[in-house]
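This report refers to the structure that appears directly beneath it.
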Amino acid sequence: MQSVGYWGVRIGMGAAVELNATRGAPHGASEVPWWRTSFGQEEIQRLQEAIRAEHISQGPVTAQFETRMAEALHVPYAVATTSGSVALLMALMALGVGRDDEVILPNRTFIATAHAVLLAGASVVLVDVRPDIPVMDISRLRQKITPRTKAIIPVHLNGRAVDLEAVQSVAREYHLHVIEDACQALFSRSAAGFLGTQSDAGCFSLGMNKLMSTGQGGLIVTRNPETYERLKLIRSHGVTDTFVATYRQIGCNFKFTDLMASVGLVQLTRVPARIAHVTAIYSKYTAAEMPFLRWIPVEVSKGELPLYAEARCRDRKDLVEFLGSQGIQTRPFLPDLHLSPHLHNGGVFPNSKPFGEEGLYLPCGPEQPLENIDRVIEALRLYGRRSCGSSSWGRQNSPSAVPVPL
Ligand SMILES: Cc1ncc(COP(=O)(O)O)c(C=O)c1O
């Protein structure tokens, strides 16, 4: 069975799941998919138990999953829903963000962050990212605030912590809500705790290319009991009791299912091993010096979790083609948001541009064998020898090195 993911890839379903393509690798070697995760016997067993107990739609297994996720993230409340995209929409709705409001978010994120704002009826205001890493440049935040600004969405892209203290100090000054988009940052940490847990609401994705997955799925966490109650109402057409329905407010069917929760409960037990594995992949890659490649740093020593292997290459097209010829999949970075006609509303984004034009994902994922990473590094070395440093940056920066502005 196959399905198509947001990232424009075919997803082969099986015990081990690859976001794969069918181009052949040379010399009969198997293809290295850009992402690899897995679902095992335990998930199958748990699903069977749920079906036998007739726990199919949102019910007791979902409640158990939410409790476990809240415990694991050290928050009082967690609400499961259909996707990270919907989690963001629900958080905006729960905080009363809507028509005539503006929401500030970074120019580099998955477009779901912006679409949630538009679907809530508000306007998107884009802010540029830092020159060294693709997260919101807080020093540019104040100049984007208008009397209509209602919320800020910092995005912890690839587990990188946005400086939340700085965001919250601006938010306090202007009475704004902060919703953390931690869809790429589940179990990533800063000194203050888990990313996604320090603001009015935090949103996570449980999609296929995440640390743990329920196929599709999302989670909103909050420390505020009123927000929690509103989130539950929004998830269920504004009713608390589906037998004696009183329509208390606008909502929709954003419900999770016990089948997804069954998978999620097992996937959660895999998280410690997966954290170690994705960190090992990152270390392997970044230890490899490649003059034509610049690894985009993640502060692993501070608890940040590098979900993806992200790098920049000045001649990205050439590198992608070469790796493809070696049976190695890559993914180019998604475009800057301001390039979408329905999102561009002025402003310049000089720091975002190089990430959008040069960024790429190399093979990674919680179940990507480390031997595959060795194969990718070998192919990169071969490319380096062949390209004779034509797209070289000179001295390679390591993630711990001071970033060199381009
Ligand atoms: C930063 C970011 N925000 C939001 C989303 C949306 O999550 P989902 O795909 O679960 O809807 C994603 C998905 O990858 C994401 O990367």
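Numbers for the structure displayed
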| quantity | calculated |
| --- | --- |
| So GLY238, is it touching a Ser or Thr at 6+ places or on another chain (Cβ under 7 Å), surrounded by fewer than 21 Cβ atoms within 10 Å (Cβ to Cβ), of a type outside the set (Val, Ile, Thr) and not assigned by TED's automatic domain parsing to the domain that holds ALA311 | no |
| Check on SER205, over 25 Å from ALA122 (Cα atoms), touching a residue at least 60 places away in the same chain (Cβ under 8 Å) and in the same structural domain as THR109 (by TED's automatic domain parsing) | no |
| Unmet requirement for SER139, which otherwise passes all of (1) among the polar types (S, T, N, Q); (2) surrounded by fewer than 17 Cβ atoms within 10 Å (Cβ to Cβ); (3) within 27 Å of HIS237 (Cα to Cα) | (3) |
| All positions within segment 170-185 that are assigned to a loop (DSSP other than H, G, I, E, B), free of Cβ contacts under 8 Å to residues at least 60 places away in the same chain and within 15 Å of the ligand (Cβ to nearest atom) | ALA182 |
| Restricting segment 211-232 to residues that are farther than 16 Å from ASP181 by Cα and within 15 Å of the ligand (Cβ to nearest atom), the residue that is surrounded by the fewest Cβ atoms within 10 Å (Cβ to Cβ) | GLY215 |
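The values are calculated or read from the model by the stated rules, or taken from the named source; none is laboratory data. Note that the coordinates shown come from a computational prediction; the quantities given were computed from them, not determined experimentally. Counting neighbours? That spans all protein chains shown, and the Cβs are built from the backbone with ideal geometry, glycine included.
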